[in-house]
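The values are calculated or read from the model by the stated rules, or taken from the named source; none is laboratory data. The shown structure was predicted, so the numbers you read here are calculated from the model rather than taken from an experiment. Virtual Cβ from ideal backbone geometry, glycine too; neighbours counted across all protein chains shown. Just the protein is used for accessible areas: all its heavy atoms, side chains included, with ligands, DNA and RNA removed. Shrake-Rupley method; radii C 1.70, N 1.55, O 1.52, S 1.80 Å.
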Amino acid sequence: MPSIRAFIAVEIDPQTKQKISALVSSLKKSDADVKWITEDQMHLTLKFLGNVEQSKIQEISAALNSISTNFSPFTIHLSNIGAFPNINHPRVIWLGIDIGAEELKILAEKIETGLEKLGFNPSTSLGTGKEDREFKAHLTLGRVKSSKNIANLIKLLKETVFSLNADIPIEEIILFQSTLFPKGAIYTKLWTAYLPLS
């Protein structure tokens with residue numbers, strides 16, 4: 001059965017993407033070996049599905065429609081820069097969420113529960129149960145590939161202040177296909193479930 005790589009996410013508006021791009025450009029000055037995201041890749045992942053049989057896309061879409069009816073549109077604010085596992089040993093660089101983080105977490109939990117019934121597990125995609133890690137809303141900026149110029153990057157991360165007080169509207173849940181290419185992944189929208197107006 002043909003399968004695709006897929007994930008569920010919410011998008012952010014074009015103006016915010018441009019501001020994040022400017023931040024990424026400034027971090028690139030560290031000349032560290034980091035795979036930075038592009039504007040086309042900017043989103044907040046709620047659930048990674050892994051390899052999904054194409055025959056299941058309709059079921060997933062129906063589940064997202066059902067889940068979305070229980071939510072109204074809301075807004076989020078992006079906040080400070082962070083890193084996993086920590087700022088002194090960055091492997092994944094991200095922007096945090098302050099306002100709207102709880103709403104995103106609840107939405108992710110509902111998706112987790114709803115799709116578990118269809119046999120999905122974000123860790124293995126084999127339907128063996130819920131994600132062990134607690135959901136932490138964040139926007140990935142880049143992934144460190146090697147230790148090249150890592151000291152420059154750490155210094156720049158600690159010095160950089162990023163705060164975006166603008167409201168970012170969250171009005172839909174999107175099922176994306178992720179197609180991997182040598183220059184990076186290309187994301188294609190497969191389904192959009194709209195959060196109904198309150």
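For the residues H89, H43, a 1.4 Å probe over the protein chains yields an accessible-area ranking, largest first, of H89, H43.
Counted by Cβ distance under 14 Å from F181, the other residues give a net charge of +2, where Lys and Arg count +1 and Asp and Glu count -1. Normalising by residue count, segment 1-92 has a Cα convex hull of 146 Å³ per residue. Rounded, prolate or oblate: pick one for segment 43-89, where a ≥ b ≥ c are the square roots of the eigenvalues of its C-alpha gyration tensor, a/c under 1.5 means rounded, and failing that, prolate if a/b is larger than b/c, else oblate. Since a/c reaches 1.5 but b/c is at least a/b, the shape of segment 43-89 is classed as oblate. Result for the chain in a Gaussian network model with C-alpha springs under 10 Å: among E159, E171, E102, the largest mean-square fluctuation is at E159. The label-point distance for R143 and F84, in a model that sets each label 7 Å from Cα toward Cβ, rounds to 1.0 nm. Taking every DSSP helix (H) stretch of at least 4 residues in the chain, weighting each as -39,500 (n - 2.57) and dividing the sum by the residue count yields a mean residue ellipticity at 222 nm of -8500 deg cm²/dmol. Equivalent ellipsoid of the chain: semi-axes from √(5λ) of the C-alpha gyration tensor, largest first, are 29, 20, 15 Å.
A 1.4 Å probe, protein heavy atoms only, puts the accessible area of V24 near 10 Å².
How would segment 154-198 be classified by its alpha-carbon gyration tensor: rounded, prolate or oblate, with rounded meaning a/c under 1.5 and the a/b versus b/c comparison settling the rest? Oblate is the answer for segment 154-198, as a/c is 1.5 or above yet b/c matches or exceeds a/b.
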